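The values are calculated or read from the model by the stated rules, or taken from the named source; none is laboratory data. The structure presented is a predicted model; accordingly, all values stated were derived computationally and were not measured. So basically every Cβ, Gly included, is an ideal-geometry build from the backbone, and we count neighbours across all protein chains shown.
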Amino acid sequence: MHKTEKEAEESRMKFLYSYLRDTTLASCGLRVFRDETAIDEGTSITQEIREGIASSKLLLAFYSSTYPSSGPCQEEIISAWLAAQHAGEPPQARVRIINPEPGFDHIPGPLPDLQAYPLPHDPAGLTVLAGELRIGFA
């Protein structure tokens with residue numbers, strides 16, 4: 001069975017995301033919270049996720065072209081935004097975007113004010129990205 005081009009790209013992105021989360025960020029001394037349960041569309045995020053976001057220093061939004069159409073993803077980014085405001089911080093200090101798409105035109109305002117990084121295509125690029133993210137959050 002051969003993978004379609006879309007399936008191959010999804011597999012590549014999952015690998016890069018997992019590598020960033022499990023290897024690169026951890027090696028920089030960053031503790032990563034990630035809810036491992038799937039959240040069905042139309043379902044709200046759990047209180048545990050809200051609390052995890054509120055107690056986090058940083059939310060990395062893996063902001064693909066389908067991110068805006070996901071209710072749970074929108075709830076997560078809004079939760080991080082509100083947690084920053086509650087802590088008296090600008091949301092830009094707590095939310096970062098990892099962009100797996102070739103362009104940035106799918107990211108709506110006011111999100112372009114957030115620091116956004118293109119998703120690197122290899123582990124070496126992920127290591128550099130993790131180092132940039134680590135500054136100020138270790």
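When we screen ILE107, ILE97 for residues that are of a type in the set (Val, Ile, Thr), closer than 29 Å to GLU9 by Cα, surrounded by 12 or more Cβ atoms within 10 Å (Cβ to Cβ) and within 12 Å of the chain's Cα centre (by Cα), the only hit is ILE97. Name every residue in the stretch 67-80 that is surrounded by fewer than 16 Cβ atoms within 10 Å (Cβ to Cβ) and either in a helix (DSSP H, G or I) or modelled with pLDDT of 85 or more (or both), in order of residue number. Result: PRO68, SER69, GLY71, GLN74, ILE78.
Every listed requirement among (1) at pLDDT 85 or above; (2) within 13 Å of the chain's Cα centre (by Cα); (3) not in a loop (DSSP other than H, G, I, E, B) is met by ALA83 save one, (2). Could you check, for the stretch 29-49, whether at least one of its residues is hydroxyl-bearing (Ser, Thr, Tyr), within 14 Å of the chain's Cα centre (by Cα) and either at pLDDT 70 or above or within 23 Å of ASP113 (Cα to Cα) (or both)? So far as the stretch 29-49 goes, no, none of its residues is hydroxyl-bearing (Ser, Thr, Tyr), within 14 Å of the chain's Cα centre (by Cα) and either at pLDDT 70 or above or within 23 Å of ASP113 (Cα to Cα) (or both).
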